[in-house]
Amino acid sequence: MSDDKRVALVTGGIQGLGAAAARSLADAGVKVAVTHLGGGERADAFAKETGMPVYEWDVADPDACAEGVATVEKEVGPIDILVNNAGVNRDKMLHKMSRADWDAVIDVDLGSMFNMCRAVIEGMRERESGRVINISSVNAESGQAGQTNYCAAKAGVLGFTRALARESAPRNITVNAITPGYADTPMVDAVPGEIVEGIIDDVPLHRLAEPHEIGRCVAFLASGDAGFITGATLPVNGGFHIK
């Protein structure tokens, strides 16, 4: 199927890495829809600027995901490419972390993998075609103090990706993950400047990633050129974590 006939859904797609992924897919000729939660004026501005349909639901809610996907497929078309990007962080040292902090991150960053993939996978299997791209994090592999919840969730994404890749390969569905390093996004903007400077010092390329650098990796994994890649983790971290 040509790119101009394919439909992609990007969760958390109105800003940061999600917006970069949505734009890169659109540049490749894919028809793109995005989700957000509580984006307000930012969501309206993104829809107006890009012309992409924007939907609002909580990816931590399985019923909302099922209903949202059904709406997208009715209004835009069957989803050929799913980019699971939506995520939150509630950073605290474990001895200060509440169960609510833990649950919020696990439910969104890991639970959404089940919720969103469950909503699209049967259709992909019936059509014997599909791309699933899951956004994890370099910290899933390297670990980070103050992020036991986030690191656990993002590491879970990698295991989920490998298992679903094995299940889905016989139906010509590829499932891959990207582990971005620190990027110039609103999430990093919220980190104190001295901490960001320390992070950059630890990155061999001595800079943050530009969001479009991750977006282009998403577009590649969604393309026909990546048809023989599945169950893989693509590190885009400037050498911050080299295995």
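Here are the numbers:
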read-out	value
Matching residues in the stretch 199-210 - criterion: being in a helix (DSSP H, G or I) and either at pLDDT below 85 or among the β-branched types (V, I, T) (or both)	I199, I200
Any pair with Cβ under 8 angstrom, 6 or more apart, that starts in the stretch 47-65 at a residue that is on the phi < 0 side of the Ramachandran plot and ends at one that is surrounded by fewer than 17 Cβ atoms within 10 Å (Cβ to Cβ) and among the polar types (S, T, N, Q)	Y55/T71
Any hit, the stretch 171-185, residues being farther than 21 Å from A86 by Cβ and of a type in the set (S, T, Y)	no
Single match in R125, R131 (criterion: of a type in the set (K, R) and touching a Ser or Thr at 6+ places or on another chain (Cβ under 6 Å))	R131
Residue that is nearest to G239 (Cα to Cα), among those in the stretch 192-206 that are of a type in the set (D, E, K, R) and exposed (fewer than 12 other Cβ atoms within 10 Å of the Cβ)	D201
Residue list for the stretch 124-141, filter: assigned to a helix (DSSP H, G or I), out of contact with any Leu (no Cβ under 9 Å at 6 or more places or on another chain) and either buried (at least 16 other Cβ atoms within 10 Å of the Cβ) or at positive phi (or both)	R125, N139
Residue within the stretch 186-195 that is in a loop (DSSP other than H, G, I, E, B) and at pLDDT 95 or above present	no
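Residues checked against (1) in contact with a Pro (Cβ under 7 Å, 6 or more places away or on another chain); (2) modelled with pLDDT of 95 or more:
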| site | (1), (2) |
| --- | --- |
| N84 | no, yes |
| C117 | no, yes |
| G123 | yes, yes |
| G130 | no, yes |
| A145 | no, no |
| A153 | no, yes |
| R162 | no, yes |
| D184 | yes, no |
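One line per residue, one yes/no per condition, for (1) over 23 Å from A119 (Cα atoms); (2) in contact with a strand residue (DSSP E or B) (Cβ under 6 Å, 6 or more places away or on another chain):
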| residue | (1), (2) |
| --- | --- |
| V7 | no, yes |
| A26 | no, yes |
| V34 | no, yes |
| G38 | no, no |
| E49 | yes, no |
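The values are calculated or read from the model by the stated rules, or taken from the named source; none is laboratory data. Since this is a predicted model, take the numbers as computed values, not measurements. Every residue, glycine among them, receives a Cβ derived from its backbone with ideal geometry; neighbour counts consider all protein chains shown.
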